[in-house]
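**Q** Have a look at this one before I ask anything.
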Amino acid sequence: MCVSRMLPGVGVFGTGRTVRALVPLLQKEGFPVQAVWGRTQEEAECLANELDIPFSTSQSDDVLLHPEVHLVCILTPPPYTRQIAVKALGIGKNVISEQAATLTDACKMVTAARYYPQLMSIMSNALRFLPAFVLMKRLLGEGYCGTLQVCEARVYGGSLLSQSYGWAWEELMGGGGLHTVGSCIIDLLSHLTGGRAVRVHGMLRTFVRQGSTGGGIRSVTADDYACFQLLMGGGVVCSVTLNFNLPGADLHEVMLVGSSGRLVARGTELYGQQNGTHEEEILLSDSGSGAGPSVTGLNAMVTQLRLSFQAQEDRRSWARHPVSMAATFEDGLYVQTVVDAIKRSNRTGEWEAVEVRTQDIDPNHNHRTPLN
């Protein structure tokens, strides 16, 4: 039996850059990508033709109810995420999802995941699977840095705004560096350290306040600069700077500093230096692919997905161990709670507490609510 017959058919929601990176990786690993959804039929058809996907649609139910789709990848604008994820789980599909738009949406996704625990429900933060961070976490656990004290992360790049007006321009729709990139960094720091933020302090700025569209000038409310601190349980301090006003720049650096050494991931490479030595040692070099951290991590994540699904008698069944390092919907709720606390801190100028309100989640929520 060929690998593709053993692996579940995939339905992809979204037509952006991540989808264009993900679909070829899925196909390379033997996943049959059966259907794609776009906000317009034209968008969906264009992507389907480009990536050799047999079915395209702008109707979400057409993908969810497709008989050959058992795994749903949600890479849509944040306002669509929750309704697709909840409905997909409700009709028995495994789900990989990006971050929801709001705390309420994240709570509803957790409710659905708890209600259908036999189904896969994981977040799509591929940085957890990046080999440099896998090794970083292992070395940290083995005591390379001693007692962890400080984490610093810096991500610099060009504008995140879409060419034409859309959700990426609007803070309330999940646009901005904090939500789209900061969410992944917050999740990664929690994963690496094994702790969670208890208090946060942050500052957000929108330096590019206007963008031109075909119909004139539109205001931008999404942040393009974010600087925030996380005080983790146990006393570890994390400092994160995100700056998307640097065209041509491409910096992605995460550093962990402890009592006896430090580990630094720069792009896809890992460096380390222990106290008493005179220079850094390279612990993991770039494989030469030239892909950045996100795509390299995505590649590693898809490989683990294949291991999770292959050799299962039912294409809907999966083994937990290969994807055990993936973020859960519960992790997604925590991240959204931290993001909201940073936004509050930006307004108040004060340190804000992080309180994940799982008691607000309604276990009797109707999971089969129609999509809007």
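**Q** Mind counting lysine pairs for me in the chain? Cα separation below 27 Å, and the two need to be 8 or more apart along the chain or on different chains.
**A** Taking the chain as the scope, the lysine pair count is 4.
**Q** Could you tally the net charge around Val220, taking each other residue with its Cβ under 15 Å from the Cβ of Val220, Lys/Arg +1 and Asp/Glu -1?
**A** Around Val220, the charge tally is -1.
**Q** I've got another one for you. Please give the per residue accessible area of the range 141-240, computed with a probe of 1.4 Å over protein heavy atoms only, in Å².
**A** 44 Å²
**Q** Can you list the HN-Hα couplings for the range 200-206, worked out from phi with the Karplus curve (6.51, -1.76, 1.60; θ = phi - 60°), rounded to whole Hz and with x for Gly and Pro?
**A** Computed from phi, the couplings for the range 200-206 are 9, 9, x, 9, 10, 9, 10 Hz.
**Q** Where does the chain land on Rg/Rh, using Cα atoms and the Kirkwood Rh?
**A** 0.96
**Q** When the accessible area of the range 49-136 is computed with all protein chains present and a 1.4 Å probe, what percentage of it is carbon and sulfur?
**A** Carbon and sulfur together cover 52 percent of it.
**Q** Mind listing which trypsin sites (Lys or Arg not before Pro) in the range 151-219 are in a DSSP loop and have 16 or fewer other Cβ atoms within 10 Å?
**A** Those that pass, being in a loop and sparsely packed, are Arg209.
**Q** Share of the range 181-259's accessible area from carbon and sulfur, percent, 1.4 Å?
**A** 54 percent
**Q** Using +1 at the Cβ of each Lys and Arg and -1 at the Cβ of each Asp and Glu in the chain, identify which of Gly177, Ser159, Gln310 lies farthest towards the dipole's positive end.
**A** Farthest towards the positive pole: Gln310.
**Q** Now for a different question. For the range 131-205, what are Rg and Dmax over the alpha carbons, in angstrom?
**A** Looking at the range 131-205, its Cα Rg and Dmax stand at 15.7, 49 Å.
**Q** Sticking with this one: What number comes out for accessible area per residue over the range 262-320 if the probe is 1.4 Å? Units Å², please.
**A** 55 Å²
**Q** Which ³J(HN,Hα) values, rounded to whole Hz and listed in residue order, are derived for the range 20-33 from phi using the Karplus coefficients 6.51, -1.76 and 1.60 in 6.51 cos²θ - 1.76 cosθ + 1.60 with θ = phi - 60°, glycine and proline given as x?
**A** Listing the rounded values in order: 5, 7, 6, 4, x, 5, 4, 5, 5, 7, x, 6, x, 7 Hz.
**Q** Can I ask one more? Pop out the ³J(HN,Hα) list for the range 292-302 in order, Karplus 6.51 cos²θ - 1.76 cosθ + 1.60 with θ = phi - 60°, rounded to Hz; leave Gly and Pro as x.
**A** Along the range 292-302, the couplings run x, x, 5, 5, 5, x, 4, 4, 5, 5, 5 Hz.
**Q** Before I look further, what does the range 1-95 give for accessible area per residue, probe 1.4 Å, in whole square angstrom?
**A** Value returned for the range 1-95: 40 Å² of accessible area per residue.
**Q** How much mean residue ellipticity at 222 nm does the chain get from its helices, if each DSSP H run of length 4 or more adds -39500 (n - 2.57) and you divide by all residues, to the nearest 500 deg cm²/dmol?
**A** That comes out to -9500 deg cm²/dmol.
The values are calculated or read from the model by the stated rules, or taken from the named source; none is laboratory data. Note that the structure is a prediction, hence the values are computed from the model and not measured. Neighbour counts run over all protein chains shown; Cβ positions are idealised from the backbone, glycine included. With ligands, DNA and RNA removed, areas are computed over all heavy atoms of the protein, side chains included. Shrake-Rupley method; radii C 1.70, N 1.55, O 1.52, S 1.80 Å.
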